[in-house]
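Note sheet for the following structure.
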Amino acid sequence: MKVRFRAAAGLAVLAMAVAACGGGGGAKSGQPNAEQSQQAQKQMSETPAISINPVGYDQVKDGGTVTLAVGQWPTQWNPNHVDGNQRDTAFMLDAVLPIMMLSDEKAEWKPNPDFLTDVKLDTSSGKQVVTYTINDKATWSNGEPITYKDIESMWKANNGSNKKFKPASTDGWDRVESVTKGASDKVAIMTFSKNYPEWQGMLSRSPMLIPASATSTPEAYEKDYLQKIPVTAGPFKVEKIDEATKTLTLVRDDKWWGKKAKLDKVIFRTIETPAASVNAFANGELDAVEIPPGSPADLKRAKEVPNVDIRKALSPNWRHITVNNSTAFLKDKSVRQAVAYAINRDVITQSDLKDMDWPLQTLGNHVFMNNHKSYADNSGELGKYNLEKAKQLLDAAGWKQEGEYRKKDGKEFALSFVVPAGVPYAKTEGELTQAMLKEAGIKLTIRPVPDDKFFTDFIIKGDFDLVPFSWIGTPLPLGSLPQIYKTGSESNFPKGSDPALDAAIDEVTGEMDPAKAAVKANEIDKMIWDMVHTIPLYQRPDIQATKKTLANFGAPGYRFNRWEEIGFTG
């Protein structure tokens with residue numbers, strides 16, 4: 001998810017696709033052979049890092065409207081809040097809120113000159129000190145200047161010291177000891193109590209800066225951006241939020257001090273299934289559409305649309321099954337390990353990615369993606385399907401086979417697999433897992449829930465045993481470790497807890513040497529595998545079907561969208 005300076009928090013995503021025809025049960029025949037693995041590696045190496053139809057600003061037509069689809073409509077628009085920590089929300093907010101640090105396709109960082117005229121890192125005092133000089137022209141849409149006070153208030157809300165705030169992540173912010181005024185209100189001096197090498201992601205996409213007024217109190221943090229976007233700062237502004245149709249309409253902000261946006265208007269429509277999105281794209285209602293995993297029919301249909309361009313790139317995003325560590329059935333680590341052994345990850349991966357023009361490669365790491373230079377397959381034996389081992393562990397834990405399923409003290413071993421009702425391929429993942437676990441004597445019930453409640457009412461509240469979704473990463477992979485895996489984090493959805501893991505995470509997130517940090521991160525990954533916090537499936541495809549004339553948009557990989565440059569060439 002992110003390369004090397006600070007990890008902006010990982011973003012959860014409600015990934016959508018239609019059901020794929022996958023292998024059934026837990027048969028070992030689902031595992032790829034050596035030739036298939038080599039083919040997947042070759043395909044991975046040939047997949048580009050970015051595919052956006054890059055066109056110079058002056059060559060992009062002035063004007064026009066781009067209409068895009070999102071899969072999940074948010075209620076919380078505060079991108080710092082745990083309820084606002086979703087990919088679709090960040091995607092829509094990119095054009096209207098400050099992204100102060102930018103990543104390119106090589107995951108290299110630079111200040112966004114529209115918001116920062118200078119950034120300096122200084123460690124000469126023995127402490128890490130970052131000085132941000134804010135552009136004099138940078139102003140909120142309510143007329144208030146953007147100042148150090150906004151950054152200071154964001155630090156106080158996100159550092160974890162006040163438990164009434166509910167940040168998606170305290171990463172980095174909990175290592176800051178002060179944010180103070182520099183030579184003027186436009187200079188913010190951030191001093192760290194502990195080193196934080198991935199600091200560059202702290203004022204980036206996740207979280208994004210919002211006004212101090214909205215982070216000053218827990219109540220404001222919770223309510224100021226609830227079902228509204230009251231204050232913005234970007235090339236676009238909000239024209240209308242339509243709750244009835246779940247549509248956000250943005251228009252060019254004439255007060256924007258940076259390069260004038262090429263587009264007049266951006267419309268985001270909520271369309272809850274990929275098939276419906278592809279239909280809308282084929283009918284000319286959308287200018288681009290994402291083709292998620294598990295939807296080969298949609299990919300085929302999109303390819304048949306006249307004047308279409310299929311753009312795909314390797315992104316720091318991954319699909320997984322989260323395993324609740326705190327429920328009555330799964331609080332025993334050996335039982336969670338039995339569940340992991342009973343799930344054939346290769347079968348699910350092949351089911352989701354079959355005929356998707358994407359490498360059929362299972363992911364063996366929670367930190368680094370398959371194409372990352374620091375990637376190592378740390379899955380070990382737990383990553384391999386082993387039904388007999390699963391049965392042995394369950395027997396040892398006292399769960400004895402009685403008829404179709406196992407029982408202990410007269411209680412049947414029964415788990416739930418929560419899926420968003422509008423995501424057919426999540427249901428397919430559930431059906432495959434259900435068949436696999438049945439072979440081990442575990443009953444699994446698939447629980448479809450409303451798409452717009454999937455995160456807020458089920459994942460965040462821990463109302464699940466197993467749940468599939470995707471983490472959308474950033475160019476900085478280490479900063480997500482405390483967010484997702486550290487005890488007490490709002491985004492540690494399985495409520496996993498291991499003091500040794502917490503200590504290792506604290507150490508690696510302060511390691512300034514990238515090579516040493518990568519070694520430590522891979523050791524941490526082995527610990528995460530052992531606790532069975534999350535079962536990785538695969539590096540998630542980033543495939544976009546777009547109109548050929550759409551410029552500077554598509555599959556950006558590690559690069560952030562520059563909304564003022566997006567437009568049409570004809």
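The values are calculated or read from the model by the stated rules, or taken from the named source; none is laboratory data. Worth saying up front: this structure is predicted, and the values here are computed from it rather than measured. For neighbour counting, all protein chains shown are included, and Cβ atoms are generated from backbone atoms with ideal geometry for every residue, glycine included.
Name the residue that is nearest to residue 324 (Cα to Cα), counting only residues in region 337-360 that are surrounded by 19 or more Cβ atoms within 10 Å (Cβ to Cβ) and in contact with a Pro (Cβ under 8 Å, 6 or more places away or on another chain). Even if it seems obvious, please write down each step before you answer.
Filtering region 337-360 for residues surrounded by 19 or more Cβ atoms within 10 Å (Cβ to Cβ) gives 337-353, 356, 358-360.
Retained after the next criterion (residues that are in contact with a Pro (Cβ under 8 Å, 6 or more places away or on another chain)): 345-346, 350, 352-353, 356, 358, 360.
Details: 345: 18, 346: 22, 350: 24, 352: 23, 353: 25, 356: 30, 358: 30, 360: 27 Å.
Restricting to residues being surrounded by 19 or more Cβ atoms within 10 Å (Cβ to Cβ) and in contact with a Pro (Cβ under 8 Å, 6 or more places away or on another chain), the top hit is 345.
When you scan region 333-352, do you find a residue that is assigned by TED's automatic domain parsing to the domain that holds residue 531, over 23 Å from the mean Cα position of the chain (by Cα) and without any contact (Cβ under 8 Å) to a residue 12 or more places away in the chain, even just one? Give the steps one after another, and end with the answer.
Just the residues of region 333-352 that are assigned by TED's automatic domain parsing to the domain that holds residue 531, to begin with: 333-352.
Then keep just the ones that are over 23 Å from the mean Cα position of the chain (by Cα); that gives 333-339, 341-344, 347.
Cutting the leftovers down to without any contact (Cβ under 8 Å) to a residue 12 or more places away in the chain gives us none.
No - not one qualifying residue is present in region 333-352.
Which condition breaks for residue 328 when tested against (1) small (Gly, Ala, Ser); (2) in contact (Cβ under 8 Å) with a residue 12 or more places away in the chain; (3) under 29 Å from residue 496 (Cα atoms)?
In the conditions (1) small (Gly, Ala, Ser); (2) in contact (Cβ under 8 Å) with a residue 12 or more places away in the chain; (3) under 29 Å from residue 496 (Cα atoms), residue 328 misses (2) alone.
Yes/no matrix, rows are residues, columns are (1) β-branched (Val, Ile, Thr); (2) more than 30 Å from residue 295 (Cα to Cα):
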| residue | (1), (2) |
| --- | --- |
| 433 | yes, no |
| 444 | no, no |
| 451 | no, no |
| 457 | no, no |
| 462 | no, no |
| 482 | no, yes |
| 489 | no, yes |
| 505 | yes, yes |
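Among the residues of region 250-270, is there at least one that is closer than 30 Å to residue 41 by Cβ and in contact with a Lys or Arg (Cβ under 7 Å, 6 or more places away or on another chain)? Give the derivation first.
Going through region 250-270, the residues closer than 30 Å to residue 41 by Cβ turn out to be none.
Within region 250-270, none of the residues are closer than 30 Å to residue 41 by Cβ and in contact with a Lys or Arg (Cβ under 7 Å, 6 or more places away or on another chain).
Would you check which residues across region 512-533 are charged (D, E, K, R), touching a residue at least 24 places away in the same chain (Cβ under 8 Å) and surrounded by fewer than 18 Cβ atoms within 10 Å (Cβ to Cβ) and list them? Break it down stepwise before answering.
Start the filter on region 512-533 by keeping residues that are charged (D, E, K, R), which leaves 513, 516, 520, 523, 525-526, 530.
Narrowing the set further to residues that are touching a residue at least 24 places away in the same chain (Cβ under 8 Å) leaves 525-526, 530.
526, 530 - these are the residues of region 512-533 that are charged (D, E, K, R), touching a residue at least 24 places away in the same chain (Cβ under 8 Å) and surrounded by fewer than 18 Cβ atoms within 10 Å (Cβ to Cβ).
Collect the residues in region 280-309 that are over 24 Å from residue 422 (Cβ atoms) and either touching a residue at least 40 places away in the same chain (Cβ under 8 Å) or part of a helix (DSSP H, G or I) (or both), keeping them in residue-number order.
307, 308, 309 - these are the residues of region 280-309 that are over 24 Å from residue 422 (Cβ atoms) and either touching a residue at least 40 places away in the same chain (Cβ under 8 Å) or part of a helix (DSSP H, G or I) (or both).
Each row is one residue, and each column tells you yes or no for (1) touching a helix residue (DSSP H, G or I) at 6+ places or on another chain (Cβ under 7 Å); (2) at pLDDT 95 or above; (3) over 21 Å from residue 471 (Cα atoms); (4) not in a helix (DSSP H, G or I).
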| residue | (1), (2), (3), (4) |
| --- | --- |
| 35 | no, no, yes, no |
| 44 | no, no, no, no |
| 72 | yes, no, no, yes |
| 78 | yes, yes, no, yes |
| 90 | no, no, no, no |
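Residue under question is residue 418, and the condition is that it be of a type in the set (A, V, I, L, M), out of contact with any strand residue (DSSP E or B) (no Cβ under 7 Å at 6 or more places or on another chain), in contact (Cβ under 8 Å) with a residue 24 or more places away in the chain and within 28 Å of residue 277 (Cβ to Cβ); does it hold?
Details: of a type in the set (A, V, I, L, M): yes; out of contact with any strand residue (DSSP E or B) (no Cβ under 7 Å at 6 or more places or on another chain): no; in contact (Cβ under 8 Å) with a residue 24 or more places away in the chain: yes; within 28 Å of residue 277 (Cβ to Cβ): yes.
Considered against the rule, which asks whether it is of a type in the set (A, V, I, L, M), out of contact with any strand residue (DSSP E or B) (no Cβ under 7 Å at 6 or more places or on another chain), in contact (Cβ under 8 Å) with a residue 24 or more places away in the chain and within 28 Å of residue 277 (Cβ to Cβ), residue 418 comes out as no.
For region 176-188, does any single residue satisfy the condition of being in contact with a Pro (Cβ under 7 Å, 6 or more places away or on another chain), outside the structural domain of residue 478 (by TED's automatic domain parsing), part of a loop (DSSP other than H, G, I, E, B) and among the hydroxyl-bearing types (Ser, Thr, Tyr)?
No, the conditions are met nowhere in region 176-188.
I need the full set of residues from region 301-313 which are of a type outside the set (Val, Ile, Thr) and under 17 Å from residue 359 (Cα atoms), in order please. Explain how you work it out, then say what you get.
Filtering region 301-313 for residues of a type outside the set (Val, Ile, Thr) gives 301-304, 306-307, 309, 311-313.
Residues satisfying the conditions are 311, 312, 313.
When you go through 454, 493 one by one, which is the residue that is part of a helix (DSSP H, G or I), in contact with a strand residue (DSSP E or B) (Cβ under 6 Å, 6 or more places away or on another chain), surrounded by 24 or more Cβ atoms within 10 Å (Cβ to Cβ) and in the same structural domain as residue 350 (by TED's automatic domain parsing)?
Details: 493 fails: part of a helix (DSSP H, G or I).
Result: 454 is the single residue among 454, 493 that is part of a helix (DSSP H, G or I), in contact with a strand residue (DSSP E or B) (Cβ under 6 Å, 6 or more places away or on another chain), surrounded by 24 or more Cβ atoms within 10 Å (Cβ to Cβ) and in the same structural domain as residue 350 (by TED's automatic domain parsing).
Which residues, counting only those in region 541-568, are farther than 24 Å from residue 101 by Cβ, part of a loop (DSSP other than H, G, I, E, B) and under 20 Å from the mean Cα position of the chain (by Cα)?
541
Report those strands (runs of 3 or more DSSP E) wholly inside region 93-154 carrying at least 3 residues which are modelled with pLDDT of 95 or more and surrounded by fewer than 15 Cβ atoms within 10 Å (Cβ to Cβ). Reasoning before the result, please.
Numbers: elements: 101-103, 109-111, 116-122, 129-134.
The qualifying strands (runs of 3 or more DSSP E) are 116-122.
Taking residue 463 as meeting all but one of (1) buried (at least 21 other Cβ atoms within 10 Å of the Cβ); (2) part of a loop (DSSP other than H, G, I, E, B); (3) of a type in the set (Asp, Glu), write down the number of the exception.
Here residue 463 meets the rest and fails (1).
Here's a check for you: in region 466-490, which residue that is modelled with pLDDT of 90 or more and β-branched (Val, Ile, Thr) is surrounded by the fewest Cβ atoms within 10 Å (Cβ to Cβ)?
That would be 487.
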